[in-house]
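Down below is the structure, laid out as structure tokens.
The values are calculated or read from the model by the stated rules, or taken from the named source; none is laboratory data. Note that the structure is predicted; figures quoted are calculated from it, not measured. Neighbour counts are summed over all protein chains in view; Cβ atoms, including those assigned to glycine, are modelled from backbone coordinates with ideal geometry.
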Amino acid sequence: MAGNRTFTMIKPDAVENGHIGAILAKINEAGFRIVSMKMTQLSRRDAGNFYAVHKERPFFGELVEYMTSGHIVAAILEKDNAVADFRTLIGNTDPAKADEGTIRKMFATSIAANAVHGSDSDENAEIEGNFFFSARERY
Ligand code: RTP
Ligand code: MG
């Protein structure tokens, strides 16, 4: 049954450390369908736009620097209750505080280099998916 959608990125640390396959396996095992997926690299302008909501936060400069430092894998995922269930699967922003078995606990390096992104609302999931994928890539 088609559920609703969330958006994720496998971040530069996890790509660099060879965890793409293991992270996608965890995503599939948790019952998400991969609707759209691509490997790409963000420009500084892309990252600034994507994270515009955080531009006043003290870590914004570091975040843009980090997210443009290497390749990322962007994907739209589908499942019932996708946004909340995906955030449970990835765990706390800080991997030191993330539960055992979560993607960030298993694969993240630090609070900044925390392996994956997950949308925080249905509305943002749609905005973020549209940022990376054209209409015909989102069937
Ligand atoms: P995300 O958006 O990546 O799924 O992560 P999140 O909701 O758990 O965390 P959020 O508050 O939205 O922060 C976005 C990303 O900024 C980086 N960050 N660094 N150095 C720091 O204290 C700090 N705090 C946040 C992380 O990469 C976080 O995922
Ligand atoms: Mg967030």
- [ ] Please name all residue pairs, on different chains or six or more residues apart, with Cβ atoms under 7 Å, provided the first residue is in segment 96-117 and is among the basic types (Lys, Arg) and the second residue is assigned to a loop (DSSP other than H, G, I, E, B) and surrounded by 17 or more Cβ atoms within 10 Å (Cβ to Cβ).
- [x] Arg104/Gly91; Arg104/Ala98; Arg104/Asn114; Arg104/Ala115; Lys105/Gly91; Lys105/Ala98
Task: Residue check for Asn92: of a type outside the set (Lys, Arg) and within 15 Å of ligand 2 (Cβ to nearest atom) - done: yes
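Residues checked against (1) over 13 Å from the mean Cα position of the chain (by Cα); (2) within 26 Å of Ala135 (Cα to Cα):
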{"position": "Thr6", "(1), (2)": "no, yes"}
{"position": "Phe32", "(1), (2)": "yes, yes"}
{"position": "Gly61", "(1), (2)": "yes, no"}
{"position": "Tyr66", "(1), (2)": "yes, no"}
{"position": "Ile72", "(1), (2)": "no, yes"}
{"position": "Glu78", "(1), (2)": "yes, yes"}
{"position": "Ile90", "(1), (2)": "no, no"}
{"position": "Lys105", "(1), (2)": "yes, no"}
Open item on the list: Quick check on my filter: what residues within segment 2-20 are over 15 Å from Ala115 (Cα atoms) and either modelled with pLDDT of 95 or more or in a strand (DSSP E or B) (or both)?
Closed with: Asn4, Arg5, Thr6
Task: Answer from Met9, Met39 - the residue that is out of contact with any Gly (no Cβ under 8 Å at 6 or more places or on another chain) and under 23 Å from Thr88 (Cβ atoms) - done: Met9
Open item on the list: The conditions are (1) farther than 18 Å from Thr6 by Cα; (2) in contact with a Pro (Cβ under 6 Å, 6 or more places away or on another chain); (3) within 11 Å of ligand 1 (Cβ to nearest atom); (4) of a type outside the set (Asp, Glu), and Val64 fails exactly one of them. Which is it?
Closed with: (2)
